[in-house]
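One structure is given here, and the rest of the page talks about it.
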Amino acid sequence: MGKIVAIDGPAGSGKGTVAKILSKKCNLVYIDTGAMYRAIALEALRNNISIDDEDKIVEIALNSKIEFIDDKIYLNGEDVSKDIRTMEVTRIVSPISSIVKLREILVDMQRKIAGDNDVIMEGRDITTVVFPNATYKFYLDAEVSERANRRYKENLEKGIETTYEEILDNINKRDYNDMHKEIGSLMRTNDQIYIDSTNLTIEEVVDKFRKEIV
Ligand code: DC
């Protein structure tokens, strides 16, 4: 096992942005585990599989090859980096990620992708389930209105059509679901370094992380 920087936190807390910057500055392989759950959700949508059909969703995961190359995510050889960010996927990904067997398959994949590399991995259960013995464990947080605002602006820039209210509602639902899972719930623990990004710029958040990572 190489050096592992594990970051958990709710949607829109800035995990992705910060992890990408730190991966370059600190020479770490960046692994976005939310993107992996999104890729499975996308494949379920494409095959008209209901979110209640757990067996079929698990089958998708067992037959899927997920790779990260140059900050892009590939599903069975196809670059799906854009397609996994639509509101359709965002709406169903949290319930899909509650499927225990699916989580086991993806957690296993996440450990394999990390391999012996020095990595920065972000998600909901990285500090607790995937790498409880990570070198550094962080919980990145922000107030829900600020997180919804950030997502709204991001979507506008990407040309994804949504309203602020729709995003706020989605984030509230995902927060609840992601914090109340049978396995792999998002939670705060005593051994995480807690950072609240509500009133901080990206640079300020990155600085706080860098002070901890030696
Ligand atoms: O980080 P994100 O918003 O792209 O993640 C999408 C969903 O995937 C999120 O609502 C919960 C789920 N997820 C998870 O259950 N465990 C992880 N390690 C990462 C994401």
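Just to be sure, is GLU165 modelled with pLDDT under 95 and either out of contact with any Phe, Trp or Tyr (no Cβ under 9 Å at 6 or more places or on another chain) or surrounded by 16 or more Cβ atoms within 10 Å (Cβ to Cβ) (or both)? In short, no. Filtering the range 64-98 to residues that are in contact with a helix residue (DSSP H, G or I) (Cβ under 9 Å, 6 or more places away or on another chain) and either open to solvent by 80 Å² or more (accessible area, probe 1.4 Å) or in a loop (DSSP other than H, G, I, E, B) (or both) leaves SER64, ASP71, ASN76, VAL80, SER81, LYS82, THR86, GLU88, ARG91, SER97, SER98. Exactly one residue out of VAL206, VAL130 is at pLDDT 95 or above and either charged (D, E, K, R) or within 14 Å of the ligand (Cβ to nearest atom) (or both): that is VAL130. Applying the condition of being within 14 Å of the chain's Cα centre (by Cα) and among the aliphatic types (A, V, I, L, M) to the range 110-127 and asking which residue is nearest to the ligand (Cβ to nearest atom) yields ILE126. Within the range 11-32, is even one residue open to solvent by 40 Å² or more (accessible area, probe 1.4 Å), part of a helix (DSSP H, G or I) and β-branched (Val, Ile, Thr)? Yes: one or more hits. Answer with yes or no whether ALA35 is hydrophobic (A, V, I, L, M, F, W, C), assigned to a loop (DSSP other than H, G, I, E, B) and within 14 Å of the ligand (Cβ to nearest atom). For ALA35, the condition - hydrophobic (A, V, I, L, M, F, W, C), assigned to a loop (DSSP other than H, G, I, E, B) and within 14 Å of the ligand (Cβ to nearest atom) - is not met.
Can you pull out every residue in the range 152-197 that is over 16 Å from THR90 (Cβ atoms), away from the ligand (no atom under 13 Å from the Cβ) and of a type in the set (Val, Ile, Thr)? Passing the criteria: THR189, ILE193, ILE195.
Inclusion of ASN149 among residues that are open to solvent by 20 Å² or more (accessible area, probe 1.4 Å) and within 15 Å of the ligand (Cβ to nearest atom) is not warranted.
Just one of the numbered conditions (1) within 29 Å of VAL58 (Cα to Cα); (2) touching a Gly at 6+ places or on another chain (Cβ under 6 Å); (3) assigned to a helix (DSSP H, G or I); (4) open to solvent by 20 Å² or more (accessible area, probe 1.4 Å) is not true of ARG103: (4). Residues in the range 38-63 that are within 15 Å of the ligand (Cβ to nearest atom) and hydroxyl-bearing (Ser, Thr, Tyr): there are none. For the range 49-57, the count of residues that are more than 20 Å from ALA6 (Cα to Cα), without any contact (Cβ under 8 Å) to a residue 40 or more places away in the chain, surrounded by 14 or more Cβ atoms within 10 Å (Cβ to Cβ) and of a type in the set (A, V, I, L, M) is nonzero. One residue alone among ILE99, ILE21 is within 13 Å of the ligand (Cβ to nearest atom) and more than 15 Å from the chain's Cα centre (by Cα), and that residue is ILE99. For the range 168-182, the set of residues classified as within 12 Å of MET87 (Cβ to Cβ) and open to solvent by 60 Å² or more (accessible area, probe 1.4 Å) consists of ASP169 only.
The values are calculated or read from the model by the stated rules, or taken from the named source; none is laboratory data. Computed from a predicted model, the values in this text were never measured in an experiment. In this analysis, Cβ positions are derived from the backbone assuming ideal geometry, glycine residues included, and neighbour counts consider all displayed protein chains. What goes into the accessible areas is simple: the full protein's heavy atoms, side chains included, and nothing from ligands, DNA or RNA. Shrake-Rupley method; radii C 1.70, N 1.55, O 1.52, S 1.80 Å.
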